[in-house]
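See below for the structure under consideration.
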Amino acid sequence: MRKYILFFLCFIFVSALQADISKEFDFLHSASFSFRNSIPYIRVLVKSYENGTTIENIKSFECGEKEINARSLTFSVTDFTPAIIKYRIAFQELAQNELKTHAEKSKLWSLKTGMETEVFVHGAIFSINRSTIDNREYFIVSKELFDKDKSEKLLSKFREMFPDYSIVSIPVHEANAKSKIKVETDDGKKYNCPDLLLIHPKSGFMANGDVYPDGRNYYLAPSAASKAELVIEDSVENILQRILPGEMFLSAPLETLKAQAVAARTDIFMQLGKRHVSEIWHICSEVHCQKVIWNGKIDKKFVQAVKETEGEVLLFNGSHVARAPYCSSAGGRTEDIRNVWFTAEKPYLTGVWDGDEPLRLDLSKEADLKKFLESDYGEDNIKMNKRHRWKIEFTQEKIDELLNSHKKIGKLREIKALQRGVSGRIYKAEFVGTLSSLVVYGELNIRKLLDNLYSSAFLVHKEDRNWIFEGAGWGHGVGMSQMGAVSLGKKGRDFRFILKRYYPKTDISKIY
């Protein structure tokens with residue numbers, strides 16, 4: 001059977017920045033994808049199917065070394081042994097300008113945690129046709145690897161100890177899953193196949209009645225004793241055509257859709273080899289990676305936006321794949337990435353004013369934030385943007401219920417914004433009650449605590465028995481504001497201008 005790791009080119013290049021540091025960072029990672037007509041093809045998880053599912057309208061399937069002609073098949077997973085995955089605890093991401101001091105930082109974390117630490121390089125350098133792209137990120141991690149239960153306990157412990165750091169676990173793949181798949185074809189023949197099936201579909205290919213695009217290859221990869229995952233292998237460009245409808249609405253200007261296509265394509269290459277490390281797929285179809293819409297016809301406007309930006313991604317410093325996050329509405333000012341996710345500084349993800357003329361306001365100060373909220377600055381306050389400015393009220397009873405479900409603080413008396421970012425978003429807040437106080441780190445945690453509030457860029461005051469929140473934007477505020485991008489598109493700005501506004505210091509590069 002043809003191996004699912006099909007084709008990979010990887011060369012090691014040492015950038016001028018890294019030439020001064022230890023060569024311990026120069027080593028080869030493996031990730032895999034194939035090429036057809038110079039365009040990368042990746043594998044995407046489509047959906048899980050239980051034993052007994054029938055796959056219809058196929059040409060053939062590959063079982064071990066055999067290719068078997070069939071019109072349909074029914075499968076069952078047997079003898080399943082899961083993949084072995086261990087985890088490193090990552091305490092801090094290092095920016096590239098911090099790599100020279102990695103030894104000192106590692107030693108400091110060892111002292112703080114009582115664990116031996118080292119630098120871990122997450123990602124790889126890829127050669128795609130004649131372009132070189134680098135998606136590596138650097139973390140100080142535990143030298144020891146842990147199983148899932150132990151890593152989750154350690155995560156909980158260290159997140160409580162260091163709430164102003166992004167403590168995460170990084171999976172390390174140690175052994176592949178093993179299984180057998182029993183297959184019965186439409187002519188009644190039975191087969192025992194090792195590990196996975198490669199399926200060659202016809203037009204109208206179906207799994208349990210679900211219809212999928214034809215002309216590609218599909219895999220059935222067991223993920224448990226009673227089910228398998230349907231995985232499609234398709235070009236990055238075709239996948240993007242199905243991502244775009246889930247990320248931006250059809251009525252957006254074409255140039256806005258093109259900016260979104262470049263950001264989404266960049267995210268795919270940023271994540272290659274980092275997620276789903278024990279699986280045969282590169283990305284899933286959910287928001288964990290990017291939402292992929294499999295059913296229905298894709299509107300030609302989405303197709304056009306992808307085709308007119310084919311192969312274009314955002315690069316920083318010539319070859320490093322940028323992170324390209326986006327939110328629904330920044331509210332007129334985007335936020336520094338380090339203030340939202342407590343991660344390493346990214347020079348291209350600092351807060352920018354979302355207007356033609358910057359304001360002389362410091363939104364980390366409440367007096368200036370009040371002036372800002374009273375204005376319609378940024379995003380042109382277009383009609384479809386319902387969260388450019390907003391107002392939410394909570395009764396005393398409701399807000400007490402929300403807060404006391406997390407910690408018994410009694411009746412809320414005061415909300416203190418201890419730290420605000422450049423967009424006015426609070427990333428450290430104290431909720432003072434009659435019994436105790438609760439300090440919360442992270443804009444998302446603050447929003448979740450307040451019944452999924454639109455944004456943490458708010459001011460709050462009390463009127464009678466109601467708490468009044470007045471704020472700006474919807475979402476984390478990092479990177480591209482989608483409502484701002486719509487506004488710029490409506491003004492006639494092209495996608496390059498849009499991307500340059502939200503991801504300054506990056507360049508759009510055509511890598512294939």
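Read-outs: derived from the displayed coordinates by stated rules, not from any lab. Keep in mind that this is a model prediction, so the values were computed, not measured. All Cβ positions, glycine included, derive from the backbone under ideal geometry; neighbour counts span all protein chains shown.
The Cα-based radius of gyration and maximum Cα-Cα distance (Dmax) for the stretch 330-446 are 16.0, 48 Å.
Cα centroid separation, the stretch 436-456 to the stretch 224-294: 29 Å.
Once the C-beta distance of residue 38 and residue 65 is scaled by a Förster radius of 30 Å, the resulting FRET efficiency is 0.55 to the nearest 0.05. For the stretch 131-269, the C-alpha radius of gyration divided by 2.2 N^0.38 Å, with N the number of residues, is 1.48. If you take the Cα centroid of the stretch 472-505 and the Cα centroid of the stretch 34-79, the two points sit 40 Å apart.
The fraction of all Cα pairs in the stretch 259-405 landing in successive 5 Å bins from 0 to the largest distance is 2, 7, 11, 14, 17, 16, 13, 11, 6, 3, 1, given as whole percents. In the stretch 312-355 the Cα-Cα distances spread across 10 Å bins starting at 0 as 24, 51, 24, 0 percent of all pairs.
So what is the calculated 222 nm ellipticity per residue for the chain, using -39500 (n - 2.57) for each DSSP H run with n of 4 or more, over all residues, to the nearest 500 deg cm²/dmol? Write down the numbers at each step before the final one.
Numbers: 11 runs with 110 residues, N = 512.
-6500 deg cm²/dmol, from helical runs alone.
Could you please rank 313, 211, 168, placing first whichever residue has the fewest other Cβ atoms within 10 Å of its Cβ?
Details: 313 28, 211 15, 168 19.
Taking fewest neighbouring Cβ atoms as first place, the list is 211, 168, 313.
For the peptides 355-363, 316-324, residues were scored by their other Cβ atoms within 10 Å and the scores averaged per peptide; the highest-first order is 316-324, 355-363.
Strictly over 30 Å apart at the Cα level, which of 47/180; 227/291; 157/274; 383/407 would you flag in this model?
Working: 47/180 19 Å; 227/291 22 Å; 157/274 24 Å; 383/407 39 Å.
383/407, as the Cα separations exceed 30 Å there.
Computed from backbone phi with θ = phi - 60° and the Karplus coefficients 6.51, -1.76 and 1.60, the 3J(HN,Hα) list for the stretch 256-271 is 5, 4, 5, 4, 5, 4, 5, 5, 5, 5, 4, 4, 4, 6, 5, 9 Hz; x is used for glycine and proline.
For the residue pairs 346/510; 100/510; 386/491; 371/416; 428/491, the C-alpha atoms sit more than 25 angstrom apart in 100/510; 428/491.
Multiplying the residue separation of residue 210 and residue 466 by 0.36 nm and removing their Cα-Cα distance gives an extension gain of 87.3 nm. Taking 14 Å as the cut-off, the amide N atoms of the stretch 78-120 that come nearer than this to a point 7 Å along the Cα-to-beta-carbon line of residue 152 belong to 87.
Net length available on complete extension from residue 307 to residue 278 is 7.3 nm, with 0.36 nm assigned per residue and the Cα-Cα distance removed.
Let me know the volume per residue of the alpha-carbon convex hull for the stretch 423-512, in Å³. Don't skip to the end; give the middle numbers.
Details: hull volume 12.5 nm³, N = 90.
Considering the Cα atoms of the stretch 423-512, their hull volume per residue is 139 Å³.
For the stretch 188-217, the set of trypsin sites (Lys or Arg not before Pro) satisfying both a DSSP loop assignment and a count of at most 15 other C-beta atoms within 10 Å is given as 189.
Between residue 291 and residue 107, the FRET efficiency estimated from the beta carbon spacing at R0 = 35 angstrom works out to 0.25.
Note on the chain: Cα-only Rg and Dmax are 24.9, 76 Å. Local charge sum around residue 237 (other residues, Cβ-Cβ under 14 Å, Lys/Arg +1, Asp/Glu -1)? The answer is +2. Backbone amide hydrogens, once placed in the peptide plane, bring residue 252 within less than 5 Å of nothing, excluding anything fewer than 5 places away on its chain.
Applying 1/(1 + (r/R0)^6) with R0 = 51 Å to the Cβ-Cβ distance of residue 224 and residue 398 gives a FRET efficiency near 0.80.
What percent does the relative contact order of the chain come to when contacts are Cα pairs within less than 8 Å and at least six residues apart? Intermediate results must be reported in sequence, preceding the final value.
Numbers: 1145 pairs, mean separation 82.0, N = 512.
Result for the chain is 16 percent.
Stretching residue 365 away from residue 47 to a fully extended chain increases their span by 109.7 nm, per 0.36 nm per residue minus the current alpha-carbon distance.
Taking label positions 7 Å along the Cα-Cβ direction at both residue 95 and residue 490, the computed distance is 3.5 nm, reported to one decimal.
What percent do you get for the relative contact order of the stretch 325-478 when only Cα pairs under 8 Å and 6+ apart count?
32 percent
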